[in-house]
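The values are calculated or read from the model by the stated rules, or taken from the named source; none is laboratory data. These numbers were taken from a predicted model, which means no experiment stands behind them. Quick reminder, even Gly has a Cβ in these numbers, built from the backbone with ideal geometry, and neighbours come from all protein chains shown.
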Amino acid sequence: MSDHPTDKPPAPAIAVDLFCPSCAYNLRGLTGSRCPECGESIDDLRNPVSRIPWVHRKQLGWWRAYWKTVYFVMFKQKHFANEMARPVSYRDAQGFRWVTIGFAYIPVFLANLLVIVWPMPSPNMDDIMYTTLTTVWAIVSLHVGFALFLAAAAGVPSYFFQHRAIPIGQQNRAIALAYYACGPLSLTLFPVAFWSIGMQMDFNNRLGLLLGLLTFLTALGLFVVWWLDLIHLVRRLLPEHPGRATILGVVLPGLWLTLGCVLIPGVLLLVGGVVLVFDTLI
């Protein structure tokens, strides 16, 4: 019989390159419950049960699980990055990504619908025709272009998690987590609401200007939180290659901006060209 019956048996050795969240020490091969470098507890890393609420949506209900996941991604970044230690379902992550794109898109659709149905003062037939054509053009440019932008913007960060120094299994895990990181996009309701109210005021007074500023700041804030999550994930995945996080931090905002500038105006110009050609033919 053991002289220390209360001692816990050693845990299975960590079989992958897994880094301490506090000091970035490589925990591979460790059988203990604390980092030997800094003493940080790694019990959370050893827990085999995923802490991502979306994974447990059958028990929680998908609505509650979705918003708890958004909160988890935005405000529990350390625990979110710890999911690197557990299997992450690529299918679940993709489902979360597309639901997020839907939540980001719906406010834009509703705001555009509000513009369409908003009462106009005694329009004549020319005004109606002009408004109809303008509305069709706006619908295509905003809805198709914005939807394409959201899909591309949520997908492009995954390429930063492909590195020859990372085993394929861990790459796939990190890519799935990168899809979860787009959760802040689901809150586009706030900048869209500020913009819609400001449009009704024509941005011609102090309140309208304030709403315009809030539109910009809230939209920027959502992307900043997303950006910080991705940087945190890269640092946890590749602490021995800090340049990778720097590359993501510098290049990714430029890619997002480029996608926005190309896709939304690109669709606008494409549809405008088709309409112009059609108009000349008839």
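Let's see how each residue does on (1) in contact (Cβ under 8 Å) with a residue 40 or more places away in the chain; (2) buried (at least 21 other Cβ atoms within 10 Å of the Cβ); (3) in the same structural domain as LEU255 (by TED's automatic domain parsing):
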| site | (1), (2), (3) |
| --- | --- |
| GLN170 | yes, no, yes |
| TYR180 | yes, yes, yes |
| THR188 | yes, yes, yes |
| LEU207 | no, no, yes |
| PHE216 | no, no, yes |
| LEU230 | yes, yes, yes |
Every pair of residues 6+ apart whose Cβ atoms lie under 8 Å, when the first sits in the range 27-38 and is over 11 Å from ALA11 (Cβ atoms) and loosely packed, with under 13 Cβ neighbours inside 10 Å while the second is among the aliphatic types (A, V, I, L, M) and modelled with pLDDT of 85 or more
none
In the range 193-205, anything in contact with a Leu (Cβ under 8 Å, 6 or more places away or on another chain) and either touching a residue at least 12 places away in the same chain (Cβ under 8 Å) or acidic (Asp, Glu) (or both) is listed as PHE194, TRP195, SER196, ILE197, GLY198
Top-ranked residue of the range 59-94 - restricted to ones that are out of contact with any Phe, Trp or Tyr (no Cβ under 8 Å at 6 or more places or on another chain) and among the polar types (S, T, N, Q), ranked as farthest from VAL16 (Cα to Cα):
GLN59
Given the criteria closer than 30 Å to VAL55 by Cα, at pLDDT below 90 and more than 20 Å from the chain's Cα centre (by Cα), does LEU210 qualify?
no
